[in-house]
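To start, the structure under review is shown below, and the notes come after it.
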Amino acid sequence: MFTGQVELQDIKAQKVDPEYLDLLRRVLTIQADCEIGGPHLYVDDMLPSAPARIDQLVVARTAAEEIDHFRKFARLAGELGVDTSPILSKPNRERFLEAFRGQINTWEDFAVFGFLIDRVGKYQLEEFVGCTYAPLSRVLEHPSRVMLEEDGHIDYGTTRTAEMAAKGGEQKDRVQRSVDFWYVTALDMFGSSESKRAERYMYWGLKRRTNAEARQQYMAEVNPIIEGMGLQVPDPLKGRKYL
């Protein structure tokens, strides 16, 4: 397993393995796509229809923070020769991950997205803390605005999901349907448990956990939270695309 530290100048001097560079470019491009993919999902519908001024402010702030995250990862990718400009305007259906290919137009989906999908995002970002590409690691090492802001998105989504579920009746039913959809989507975001590419990421020190390990840790974290809201934990296999 590769344990060295790589700086941008090492790449410019062609001192790194081509596979390392290919994987690094790929993961930075996907991360940039995910960061900008969120605002494309919800801003158009959720910003004008938020139930209260404070919620409208949260939508705007969340979008602004995610756009700034995109800028940070796009800069890292751009330094490696990746043109990330098309990512800004491509349609949702062309996003790398299924979670970002639709449209969010209900408050239940917006809240549960923050609760479950932003939490997956944090798991993915944690992989880069202390990774072998030093410029990437520095973006996320404590104290990191990116990680603190992601925590804020997760906390808000979790709190609002719990508040709506606690109302019971049809409101709780709508929340449960959102959880059913986004839970399975979240599990698929970790990718195939048998991914060979994930093994190479680990070999090069760009990730620390296998897809299966990260997914299991995620489930161990969110399942008790879902149950604590009085909701049902969805079948983790129903509708899955990546096992």
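Any read-out appearing in this document is the output of simple, stated calculations on the displayed coordinates, not a laboratory observation. These numbers were taken from a predicted model, which means no experiment stands behind them. Here Cβ is always computed from backbone atoms with ideal geometry, including for glycine, and neighbour counts include all displayed protein chains.
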For this session: Report the charge-dipole magnitude of the range 75-118 in Debye, nearest 20, computed about the Cα centre from +1 at each Lys and Arg Cβ and -1 at each Asp and Glu Cβ.
Result: 160
Exercise. If you average over every viewing direction, what projected area does the convex hull of the Cα atoms of the range 50-95 give, in nm²?
Worked result: 3.9
Seminar exercise, completed: For the chain, longest principal axis from Cα atoms; helix 169-189 axis from its Cα atoms; angle between them, nearest 10 degrees, is 10
Problem set entry | Degrees between helix 18-49 axis and first principal axis of the chain (Cα, 0 to 90, nearest 10) | 20
For this session: Alpha carbons only, please: Rg and Dmax for the range 156-243, in angstrom.
Result: 15.3, 50
Seminar exercise, completed: Expressed to two decimals, the range 1-123 has a Cα Rg over Rh, using the Kirkwood radius, of 1.06
Problem set entry | Distance violations [Cα-Cα > 31 Å] among Lys90/Lys172; Lys167/Lys238; Lys167/Lys241; Lys90/Lys167; Lys90/Lys207 | Lys90/Lys172; Lys167/Lys241; Lys90/Lys167
For this session: For n ≥ 4 DSSP H runs only, could you compute -39500 (n - 2.57) per run for the chain, divide by its residues and tell me the 222 nm figure to the nearest 500?
Result: -21500 deg cm²/dmol
For this session: Please identify the longest segment of the chain free of exposed trypsin sites (Lys or Arg not before Pro), where exposed means a DSSP state other than H, G, I, E or B and no more than 14 other Cβ atoms within 10 Å.
Result: 16-166
Seminar exercise, completed: Projecting the Cα atoms of Tyr201, Ala99, Val179 onto the charge dipole of the range 69-217, where Lys and Arg contribute +1 and Asp and Glu -1 at Cβ, the residue farthest towards the positive end is Tyr201
For this session: Could you point to the residue in Thr161, Ser137, Leu116 farthest towards the positive end of the chain's charge dipole, with +1 and -1 charges on the Cβ of Lys/Arg and Asp/Glu respectively?
Result: Ser137
Problem set entry | If the convex hull is drawn through the Cα atoms of the chain, its volume per residue in Å³ | 118
Problem set entry | 10 Å binning of all Cα-Cα separations within the range 109-202, expressed as whole percents from 0 upward | 16, 36, 30, 14, 4, 0
For this session: Would you tally the net charge around Glu170, using a Cβ to Cβ cut-off of less than 12 Å, leaving Glu170 out, and scoring K and R as +1, D and E as -1?
Result: +2
Exercise. Between the range 192-243 and the range 106-121, how many Å separate their Cα centres?
Worked result: 16
